[in-house]
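One structure is given below, represented as structure tokens, and several questions about it will come after.
The values are calculated or read from the model by the stated rules, or taken from the named source; none is laboratory data. All values derive from a computational prediction rather than experimental measurement. Every residue, glycine as well, gets a Cβ built from its backbone with ideal geometry; the counts of neighbours run over all protein chains shown. With ligands, DNA and RNA removed, areas are computed over all heavy atoms of the protein, side chains included. Shrake-Rupley method; radii C 1.70, N 1.55, O 1.52, S 1.80 Å.
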Amino acid sequence: MPDAPGLELIRQDCNAAHPGAVLDTSFDHDQAALLADPKQILDVLRWLHDTPGQEYRFLSSLHVADYLPAEPRFGVHYELLNMPRVERIRVKAMLAGPEATSNGDAAGAGNPAAPGSGAEEAAGLSGLPGIDSCVELFPTAEFHEREAYDFFGIVFRGHPDLRRILLPEDYVGWPLRRDFPVGGEPVLFTRDEPDSPGWYE
Amino acid sequence: MSTPETLDSAGVTVERQQLEPEQELLTINMGPHHPATHGVLRVIVELEGEVVRDLKPVVGYGHTGIEKSSEDKSYWKVIPFVERMDYLAYFFNMEAFCGAVERLLELEIPDRAKYLRVIHLELNRIHSHLVWLGTSALDLGAISMFWYCFRERDRVLDLFEMSTGQRMHTRYFQVGGVIEDIPPGFGAKLREFVEEMPTRVDQYQALLDRNEIFLHRTRNVGIVSRERLLELGVTGPLLRAAGEPWDMRKTVGTLAYPDLDFRIPVGTVGDGYDRYRVRLAEVRESVEIIRQALEGLPEGPHIADDRKVVLPPRSELPTSMEALIHHFKLVTEGYRVPPGEVYYAVEGPRGELGCYVLADGSAKPARVHVRDPSFVNLQMLRDMCIGGLLADLIQNLAMLDPILGGVDR
Amino acid sequence: MEVERRKIRALSPLDQPSSPDELLARQLRARDMLRGDLEGADLDRYVEERVMTTTLERALNMARANSLFPMTFGLACCAIEMMSMVTSRYDIARFGAEAFRASPRQADMIILSGRVSIKMAPVIRRVYDQMLEPKWAIAMGACSSSGGMFANYAVVQGADKFMPIDVHVPGCPPRPEALLHGFNKLQRLVQENPDPGWRRRYDAIGTEEWARGGPDSRPNPEAAEAYEKARELADA
């Protein structure tokens, strides 16, 4: 784990190479996090991946969290790991929700999705928050990004095969957003038979 | 579909056969109901004759929405949910979630709880590897392995039943420690198991190590280079079989692992046989860890003494008003966790099992995400199989050991 | 090593030969009967001791119930417990159901072992439809019985919503003993052949698909009519 001053150094070095790429740092619960500009997320990741002395070559996990009342709303998290030094660092990029991007006034948020490859895909994906895909840098991100798209409707530009992965392909909605209902329906048991006879018909 | 470029970008070094222009590729669909896919995995395979040219895993047939349901429950009720993700590594799921919440609460767990957790985690690792060995050997035609492995698996489950009351999905780990101390007699029974298990592993090895069919099916099959594995994010025995000694029990060393002496088995080639040998060696090491943890088991409380988080002991409820209030508050509302986010990873039987918890200050988590090793490792199936035979796909899948409950969550 | 053999089940006192001499006498009597020498009351008694009379249908059901072929079909956690039901400790071979079949065409029974997601439900329905009549289904565990703890967007709240289930086994996951108990219930259901009522519930009368093939395998309106008549008679 880089400590808090080390994190500041990383921020300064990275900003020297890519001005404005790292917006903020945070260090709590012994975990280091960089807040990156979503437009330059690939620059930050590549810098952490390639720069001698950093070399975070292993992407443990990529996940999205929905900080609903806050805006920008979606946080894309990259859990990076340097195996020889056993150091972890989290890179966070905040994306504005669909409402903000459709208005086009998202400060510090990613652009709306670029048109996809197919025409119908472009129609379905416009208005969703988007960020650059890091599959070329970290091939392991392929499934993670598909999962993030599946659950939160975040478009990863440049992903080779961005389809739903866990839910059926014709599913409508982004179920892990905080404003999506949990779902479920009441189950009728045999003991309900006296109350509602013939419910099965 | 299967242009030479695809093969090169996958990094597979196999001898490519020249594709005649009139040769046709055959697309077949395996699963989701297929006896050899270890669950509800669906694989779309493109074949040229019997040679696999392209492959796509389709997952999600067991998607349960656990992450969404977790956001709807208070923290102590989430534990049974996360348990049911990777259903052969339930103690690891619990440990990942409880560990993450403990880090959010900045709660230190007592030493005895650390040792008890290690004992149960390692028993779970043995259990998981036994189920893997039984079913994988069954896929390769060795049906007796299935009976032997499940015989020992039932011994492990008897131990779980003794200490926790359930065979599977025990909900034994609690935020702050473990829910109950081990019962009297558990140590003796565990010691008996620890004495016996290495001889059982000898039996498995006598059956499989020099078995001609097994060697033919596994040796030099499904080799993926170490660099490619790291790119793909593969962890666990699959990575260690390729020669990378990455084990978070050693490198990160949470719980009581720094106090215990164990080795990390590492393979050389990274084929199916290495994966088998590494996992069996891990079973032996786990037995050693359990033996040491049982000998060094410290006395003391089994759960942290923080009344804001941990349920008061049952005996205090009739006499202490304060305990009753705490109990009522914890059971009805649950405890509040200060805002923050934590990613905490443990070394599961299949690799890095990480849990990301986002707390917003209420009694329910705002986001629970589990980085499941099966989900990530499944991406290497394509690299393992392209250029090989269709029959080797079964072997590769068996040695990959994906648990579809963990993949789909 | 000396192997000690014991009788698993004591024969009834009538069948129990008390001495080698009596056994010899019985063998002689059996030979007499085969030759046709045994007559009258002797023959009656001999036959009564040894023969059970029943209808062909009941005999058929008895055979069915004691050799049910389950399908190799695992969904989630419960599948592991279902697998351990086959192993030596629980040994479902005692009840004649150890032959797990990978093809739905060969299976008599499907055990839904685990949670049913919305993506999997059409697959299960299709697999179930591919099984030949007569067929039975066990919902193993809370998830496939009622959705269990997963009341959310992804899980079908009980497999009854899309296919008929004969036996529900509670538990999360059920112990193998519980599943064996459920299986024994199913065996009784098969032997006594009661109408489970689901054909009416699901409007499935006359849709039976039998192994014979040919015209019988199509929906049969006459069979439906006959069935309705029989139901009315039974209800009256």
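Which ³J(HN,Hα) values, rounded to whole Hz and listed in residue order, are derived for the range B:157-162 from phi using the Karplus coefficients 6.51, -1.76 and 1.60 in 6.51 cos²θ - 1.76 cosθ + 1.60 with θ = phi - 60°, glycine and proline given as x?
Whole-Hz 3J(HN,Hα) from phi for the range B:157-162: 5, 4, 5, 4, 5, 5.
Could you pull out every residue, at least 5 positions away or on a different chain, whose amide H is within less than 5 Å of the one on C:SER117? Hs are placed 1.01 Å off N in the peptide plane, and Pro or chain starts have none.
HN-HN under 5 Å from C:SER117: C:VAL156.
Additional query: Roughly how many nanometres apart are two label points built 7 Å out from the Cα toward the Cβ at C:ALA25 and C:GLN191?
If labels sit at C:ALA25 and C:GLN191, their model points lie 3.4 nm apart.
Once both labels are modelled 7 Å past Cα along the beta-carbon direction, what's the C:ALA226-A:ALA16 spacing in nm?
Using points 7 Å along Cα→Cβ, the separation is 9.2 nm.
Would you mind getting the accessible area per residue of the range B:84-231, heavy atoms of the protein chains only, 1.4 Å probe, in Å²?
That works out to 33 Å² per residue.
Which Rg and Dmax, in Å, describe the Cα atoms of the range B:22-149?
20.1, 69
Another question, if that's okay. Along the principal axes of its C-alpha atoms, what lengths does the range B:199-314 span, in descending order and rounded to whole Å?
58, 37, 25
Based only on Cα atoms, what Rg/Rh ratio does the range C:55-137 have, Rh being taken as Kirkwood's radius?
Checking Rg against Rh, the ratio lands at 1.01.
Next question. Please enumerate, by chain and number, the lysines with C-alpha under 22 Å from the C-alpha of C:LYS135, excluding those fewer than 8 residues away in the same chain.
C:LYS161, C:LYS185
Right, another one. Rg and Dmax in Å for the range B:267-408, alpha carbons only: what are they?
22.4, 71
Note every residue of the range B:139-163 with a reduction of at least 50 square angstrom in accessible area, all protein chains present versus the isolated chain, computed with a 1.4 Å probe, or write none.
Residues meeting the cut-off: B:TRP147, B:PHE150, B:ASP154.
In whole percent, what relative contact order does the range C:107-196 give with Cα contacts below 8 Å and a gap of six or more residues? Could you put the intermediate results ahead of the total?
Numbers: 137 pairs, mean separation 25.2, N = 90.
The value is 28 percent.
Kindly sort B:THR199, B:THR170 by accessible area of their heavy atoms, largest first, with the probe set to 1.4 Å.
Solvent-accessible surface, decreasing: B:THR199, B:THR170.
Of B:LYS308/B:LYS364; A:LYS92/B:LYS364; B:LYS329/B:LYS364; B:LYS73/B:LYS329; B:LYS68/B:LYS250, which pairs sit farther than 21 Å apart, going by alpha carbon to alpha carbon?
Those over the limit are A:LYS92/B:LYS364; B:LYS68/B:LYS250.
Using alpha carbons only, how many degrees (0 to 90, rounded to 10) separate the axis of helix B:111-139 from the longest principal axis of chain B?
30 degrees
Rg to Rh for the protein assembly as shown: what is it, with Cα atoms only and Rh by Kirkwood?
Here Rg/Rh amounts to 1.01.
To the nearest 20 Debye, how big is the dipole of chain B about its Cα centre, given +1 on the beta carbon of each Lys and Arg and -1 on that of each Asp and Glu?
It works out to roughly 800 debye.
May I pose another question? For the protein assembly as shown, with all protein chains present and a 1.4 Å probe, just round the carbon and sulfur fraction of the accessible area to a whole percent.
C and S atoms contribute 53 percent here.
So what is the diffusion coefficient of the range B:169-208 in µm² per second by Stokes-Einstein at 37 °C and 0.692 mPa s, using a Kirkwood Rh over Cα pairs?
259 µm²/s
How much length is gained on full extension from C:SER103 to C:ASP32, taking 0.36 nm per residue of separation minus their Cα-Cα distance? Intermediate results must be reported in sequence, preceding the final value.
Values: separation 71, 0.36 × 71 = 25.56 nm, distance 4.94 nm.
Between C:SER103 and C:ASP32, full extension yields an extra 20.6 nm.
Normalised by the number of residues in chain B, what is the relative contact order in percent for Cα pairs under 8 Å and 6+ residues apart?
After rounding, I find 26 percent.
Rounded, prolate or oblate: which fits chain B when a ≥ b ≥ c are the square roots of the eigenvalues of the alpha-carbon gyration tensor, with rounded for a/c under 1.5 and prolate only if a/b beats b/c?
On the way: a/c = 2.37, a/b = 1.65, b/c = 1.44.
It is prolate, given that a/c is not under 1.5 and a/b is the larger ratio.
Compute the distance from the alpha-carbon center of the range B:222-268 to that of the range B:41-55, in whole Å.
30 Å
If you don't mind, another one. With unit charges on the beta carbons (Lys and Arg positive, Asp and Glu negative) and the dipole taken about the Cα centre of the range B:257-304, which residue among B:VAL283, B:PRO301, B:TYR257 sits farthest to the positive side?
B:VAL283
Moving on. Please turn the phi angles of the range B:277-292 into ³J(HN,Hα) values with the Karplus equation 6.51 cos²θ - 1.76 cosθ + 1.60 (θ = phi - 60°), one per residue in order, whole Hz, x for glycine and proline.
These are the phi-based 3J(HN,Hα) values: 5, 4, 5, 5, 5, 5, 4, 4, 5, 4, 4, 4, 4, 5, 4, 5 Hz.
Could you tell me, in Å, what Rg and Dmax come out for the Cα atoms of the range B:122-194?
Radius of gyration, then largest Cα-Cα span, for the range B:122-194: 14.1, 45 Å.
Right, here's the next one. Mind listing, in residue-number order, the residues in the range C:115-141 that have at least 20 Å² less accessible area with every protein chain present than in their own chain alone (1.4 Å probe)?
Those are C:ARG115, C:SER117, C:ILE118, C:LYS119, C:MET120, C:VAL123, which lose 20 Å² or more relative to the chain on its own.
May I pose another question? Please report the relative contact order for the range A:27-93, taking Cα pairs under 8 Å with a sequence separation of at least 6, and give it as a percent rounded to a whole number.
Reported relative contact order: 35 percent.
Check B:GLY49: other-chain or 5+ apart residues with amide H under 5 Å from its amide H, H built from backbone geometry?
Long-range HN contacts for B:GLY49: B:LEU26.
Then there is this: Largest first and in whole Å, what are the equivalent-ellipsoid semi-axes of the range B:328-409 based on the Cα gyration tensor, each being the root of 5 times an eigenvalue?
39, 12, 9
Under 12 Å from the Cα of B:LYS77, which aspartates and glutamates turn up, not counting those fewer than eight places away in the same chain?
Within reach: B:GLU333.
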